[in-house]
Amino acid sequence: MKSFKLKFMAIIVLAITIVSCNNDDDSNAQKTVDFGTAPSSSMITLGTVDVITENTVRYHTLNFDTAPYTVTIVETENTVVLVDLGPAPVFADELKAYVDAINKPGAVIITHNHGDHYGGAGNFADLDFYAESTVAAQLNSTADFTSLHPNAVIGVSDFQEIGDLTYVFDKVSNAETGENGYVYNAAHKVLFAGDLIYNLSHPYLREYTPNSGADEIDNWIAGLNVLKANFADYNHIFVGHNGSRADVETSIDENIDYLQNAQGLIKGTQTTTGGGTATTNQEIIDELEVLYPNYLDGGLYLSLPDAFFPGDTGADWF
């Protein structure tokens, strides 16, 4: 935590210095950009669109399907940056049409090496891709990804100017997956959390293996507490599933609560609402649906047997 805070403060000081010297968008609080009318939400027939317009930045969140899979577009005066790309070309065709309607040069940030975050990469082969350095190395050695995007992902270990803004890259290891990258922009106080935080959706717990090695949920909660300590006062958090939130601290607390309940149920330290102890993946999922009845599906059912292929044994929880 101490090293993170020192790094965080150093980057903030450096970012302020760069901004002051360049007198760019972030340094001019009085500046406003006339973004014009956003592309019609009717272009996205397979999901929904939400648009947040501020003085010098406009955020578009596109939520595809029922999971939902969220793509965030950060639009500034001269450029667009896409954060994640959804799971499949069927969604990416509509995403590409929407981005083309904005009609600005672009780049892509991928938060982590899961197919539902890079599946649309083939539609954006002409753009530069960025990721936290460890995540970039994973993507560059993943055949499923490289078959879609043959150009190397640019790894970033601290900060990178992309388009009109400076983005800081960091990660949490051994949590929702092996390496969960996240990105933030300090000038606009905006955090792109990928799948470290789910918005009122059941998170992907498939890779939780409580019987072998380090406890991933412990790591995940520790990472969320770091995010809470450093970003609770941010203006927006954009997530990988189900859009964005302005109440950043509350959204982090919701995820910590969910993970603590899931961990207790799986490890048998927490009983179900019926008074028993869960002993199967299905019983865990049934109980989580009882505890969080209004949450979207998210990655919940991917922990069940046969989720990915016939004979798949499901998450290794017991």
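The values are calculated or read from the model by the stated rules, or taken from the named source; none is laboratory data. This structure is a prediction, so every number in the text was calculated from the model and none was measured. Counting neighbours? That spans all protein chains shown, and the Cβs are built from the backbone with ideal geometry, glycine included. For the accessible areas, the whole protein counts, side chains as well, though only heavy atoms, and no ligand, DNA or RNA atoms are used. Shrake-Rupley method; radii C 1.70, N 1.55, O 1.52, S 1.80 Å.
Things to note:
- Oblate is the label for region 113-225. Its Cα gyration tensor axes, ordered a ≥ b ≥ c, give a/c of at least 1.5 and b/c at or above a/b.
- Antiparallel %, DSSP beta bridges [both residues in region 41-248], to 5: 70
- Think of a 1.4 Å ball rolled over the protein heavy atoms: region 219-309 then has 43 Å² of accessible area per residue.
- Overall dimensions of region 252-297, expressed as equivalent-ellipsoid semi-axes from the Cα gyration tensor (√(5λ), whole Å, largest first), are 17, 12, 9.
- At the residue level, Ile102 shows approximately 20 square angstrom of accessible surface with a 1.4 angstrom probe and all protein chains present.
- Lysine pairs in the chain with Cα atoms under 17 Å, if 8 or more residues apart or on separate chains: 12
- Whole-percent carbon and sulfur share, accessible surface of the chain, 1.4 Å: 50
- Among Asn211, Asn174, Asn219, the largest mean-square fluctuation in a Gaussian network model of the chain, built with springs joining Cα atoms closer than 10 Å, belongs to Asn211.
- Ser41 accessible area, assembled protein chains, probe 1.4 Å, Å²: 70
- On Cα atoms only, tilt of 89-102 relative to the major axis of the chain in degrees: 30
- When region 170-299 is reduced to its Cα atoms, the Kirkwood hydrodynamic radius in Å: 15.1
- Solvent accessible area, Å² - Thr48, 1.4 Å probe, full protein context: 80
- Span from the region 138-180 Cα centroid across to the region 48-80 one, whole angstrom: 19
- For the residues Val49, Val81, Val90, a GNM of the chain with alpha-carbon springs under 10 Å puts the largest fluctuation on Val90.
- Among His188, His149, His60, the residue with the largest mean-square fluctuation in a Gaussian network model of the chain, with springs joining Cα atoms closer than 10 Å, is His188.
- In a simple Cβ point-charge model (Lys, Arg +1; Asp, Glu -1; nothing else charged), region 41-248 has a dipole of about 180 debye relative to its Cα centre.
- Taken per residue, the accessible surface of region 77-165 reaches 37 Å², heavy atoms only and a 1.4 Å probe.
- The chain - Rg over Rh from alpha carbon coordinates, Kirkwood radius: 0.97
- Solvent exposure ordering (accessible area, 1.4 Å, most first) of Ile252, Ile154: Ile154, Ile252
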